Every structure is written in C-alpha cells, then in structure tokens.
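Working notes, beginning with the structure itself.
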Amino acid sequence: MTKRKSELSLFNIFMCLAVILVHVISWTIGDMDKSSLWYAFMLNVSRLSQFVVQGFIFLSAVKLFLSQKETDYEKFIFGRYKRVVFPYVLWVLVYYAYFIKTYGYTFSWNSLGEYLMFGTVCSHFYFVVVIMQFYLNMPMFKYVGKRVNPWLMCVVAVVFTALFKQYVHFQYDDRVFPAYLCYFVIGAAVGMNYERVCAFLKRRFYAVLPPFAVFAAADGYLTWRAQVYGETFKYIEVVHLCYCISAIFFFFTLFLLFGEGRKLPRLLELCDRASYSIYLSHVLVIYIANALAERIGIFGMAEKFGFRFVFTYAVTLGLCMATAAISERVKNGKQTSRSV
C-alpha cells in the first residue's frame with residue numbers, strides 16, 4: 001500500500017465532495033426564482049465549486065511529478081488503463097444500461113462508441129477523456145519538464161490555455177487537453193519542486209488569499225449577472241480560469257497548513273482511496289435519488305433537494321468506501337498468503 005501525503009489526500013477528498021455538491025445543486029437551481037437571494041447563493045456555491053476538475057488534473061500532475069525516478073512508459077500506461085480506463089468503461093456501460101431501462105434510450109454500437117470516446121453518456125465523464133490525454137503524452141511532458149524552466153513553462157501554459165478557452169470553439173472543446181493545459185503544467189511544476197513550493201505557501205498564505213477572494217467575487221458576480229439578466233461578458237472564461245488557479249492554490253495551502261504530516265482517520269483514508277469510484281458513480285445515484293423522491297411523493301423543491309443531498313452523499317460514499325475497504329482487505333490477504 002502506497003503512503004500518501006496527507007495534504008494531498010485531504011485536497012482530493014475535498015474536491016471529491018465538492019463535485020458531488022455541484023451536481024446535486026444543478027438539479028435544483030433551474031427551478032429556482034432567479035430574483036431570490038437563495039438563487040444567487042446556490043448559483044455562486046455551484047459556480048465557485050467548479051474548479052474541481054481542474055483541481056483533479058493539477059493534483060494528478062503533482063503526484064506524477066513528485067517522483068524523480070525514470071518512468072517506465074509502457075508499465076505506466078498499462079497501469080492507467082487498468083485503474084482509470086477499465087472502471088470508466090464499466091461505468092459507461094452501467095449508465096447506458098440505466099438510461100435504456102429508465103429513459104428509453106435505444107442501444108446502438110455507434111452511440112456506445114461515441115460515449116466511450118468522448119465521455120458524453122453523462123456530463124462528468126469528460127474528465128476521464130481529458131486526463132487520459134495527459135497520461136498518453138507523459139513522455140512529452142517529462143521531456144519538456146527537464147529542459148525548460150518550470151515557472152516559464154507555467155506562464156506559457158496559462159497564456160496558451162486562456163487563449164484557447166477564449167478563441168477556440170468547437171463541439172468537444174471542453175474535453176481536449178489544451179483547454180486544461182495550465183493546470184497539468186502547474187501541477188507538474190509544483191510536483192518537481194514540491195518541498196520548496198510548500199515551504200513558500202506556508203510562509204505566505206497572505207499572498208494566496210487576496211487573488212482567491214478577488215477572482216471568486218468577480219467570477220461569482222459575472223456568472224450571476226449572466227444568468228439573471230442574460231448579459232454577455234467577453235472574458236468570463238479567462239476570469240474563471242484565474243479563479244480556478246487561485247482556488248487551487250488557496251485550498252492546497254489550507255490543507256498544507258492544517259493537514260501536512262498528520263495521520264488521517266481511517267474513514268478519510270478510505271474516502272481518498274475510493275475517490276475515483278465516487279466520482280464515476282455519484283451522478284447515477286442522483287438519478288436514482290430523483291426517481292425515488294418522486295415515487296415516495298417528495299415534490300417540494302427544498303424537500304427534494306434535501307433528500308437528494310442526503311441520499312447521494314450517504315449512498316455514494318457508503319458503497320464506494322465499503323468497496324474500497326473490501327478490496328483493500330482482499331489485497332492485503334493475498335499479500336499475506338504469498339509471504340507465508
């Protein structure tokens with residue numbers, strides 16, 4: 001069992017819980033009165049939680065580049081297909097089967113191929129499509145990382161990503177790696193200089209807080225104006241990119257300050273290890289929660305939101321963490337039997 005840095009595990013758990021919140025809220029927010037303060041609050045909670053996929057990409061790069069050892073690319077890719085792609089394929093099939101049974105989808109091999117290639121059977125699957133592009137290009141990132149100043153690399157990546165988000169638009173522009181390049185490159189730079197970056201952030205939290213506060217306020221306000229009054233803001237994607245970067249460093253620094261070096265409770269360890277299955281499965285649990293709420297007669301917006309919230313967190317976390325615990329016990333049992 002690999003030892004994990006507690007601050008990275010806490011950050012991972014936090015983002016895992018936040019991504020569930022985004023999708024739980026999304027089913028309610030469309031039915032709310034846009035002139036109400038509750039709508040403004042829920043909209044901002046949702047919008048300001050939408051840095052988590054970018055955060056997952058950052059975190060993946062940090063972990064990959066923490067090690068200074070040479071990577072066996074063939075072994076690395078095989079491992080990613082086993083741990084990332086295989087569960088993804090399995091869950092795409094599960095979602096597709098559920099939609100066929102519940103919503104009358106018609107099975108076709110072309111549709112299944114598109115769902116697998118582009119992650120379109122359910123919106124959150126695009127993360128897997130994006131992260132695999134980074135994994136497949138790991139030799140290139142390793143090569144560049146060794147030969148280019150990491151901070152120059154970060155600046156170039158941020159500019160490139162901002163330009164891409166601002167001016168490049170096509171059907172699947174949200175699931176190609178240039179749209180997320182800066183998060184992976186920044187994560188790689190942090191991983192390669194982990195101790196120095198952590199020391200800097202712990203000494204200078206005051207330098208991380210103001211950008212986070214400013215960009216959070218700007219991103220939330222512009223999103224609210226756009227949704228309530230239909231206004232268009234040309235650079236809202238760039239503002240959101242700046243917010244995502246500032247949020248990543250703000251929360252990463254918080255978990256450094258309060259979690260570094262601490263042993264996590266067993267439940268948090270399990271949540272960390274189950275995070276990928278939690279990510280893949282939670283939206284299906286939301287669908288089930290919605291259907292169950294209607295079946296038992298919960299129709300009020302607030303009551304339905306409360307039921308969806310509790311049911312989704314309880315069922316998703318409970319089942320995924322239990323599965324992780326069983327898998328871990330089986331694995332440890334096999335290792336023990338081999339050593340005897």
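The values are calculated or read from the model by the stated rules, or taken from the named source; none is laboratory data. Nothing here was measured: the structure is a model prediction, and the numbers come from that model. Note that we place each Cβ from the backbone using ideal geometry, even for glycine, and neighbour counts take in every protein chain shown.
Taken together, MET321, MET301 contain a single residue that is surrounded by fewer than 20 Cβ atoms within 10 Å (Cβ to Cβ) and either farther than 30 Å from ALA213 by Cα or at pLDDT 95 or above (or both), which is MET301.
For ALA291, are the conditions met, namely being in a helix (DSSP H, G or I), closer than 17 Å to GLY30 by Cα and among the small types (Gly, Ala, Ser)? So ALA291 does not fit the description; no. Do we find that ALA162 is over 16 Å from VAL130 (Cβ atoms), surrounded by fewer than 19 Cβ atoms within 10 Å (Cβ to Cβ) and modelled with pLDDT of 95 or more in this structure? So ALA162 passes the test.
The condition (being surrounded by fewer than 16 Cβ atoms within 10 Å (Cβ to Cβ), at pLDDT 95 or above and not aromatic (Phe, Trp, Tyr)) is satisfied by just one residue among VAL315, VAL310, VAL285: VAL310. I'd like to check something: does segment 206-214 contain any residue that is surrounded by fewer than 21 Cβ atoms within 10 Å (Cβ to Cβ), closer than 30 Å to SER35 by Cβ, modelled with pLDDT of 95 or more and over 19 Å from the mean Cα position of the chain (by Cα)? Within segment 206-214, one or more residues are surrounded by fewer than 21 Cβ atoms within 10 Å (Cβ to Cβ), closer than 30 Å to SER35 by Cβ, modelled with pLDDT of 95 or more and over 19 Å from the mean Cα position of the chain (by Cα). Applying a threshold of 6 Å to beta carbon distances and a minimum spacing of six or more residues, or different chains, the list of pairs starting in segment 215-232 at a residue that is surrounded by 15 or more Cβ atoms within 10 Å (Cβ to Cβ) and ending at one that is of a type in the set (Lys, Arg) and modelled with pLDDT of 95 or more reads GLY220/ARG47; THR223/ARG47.
If the condition is being at pLDDT 95 or above and polar (S, T, N, Q), then segment 14-35 contributes no residue at all.
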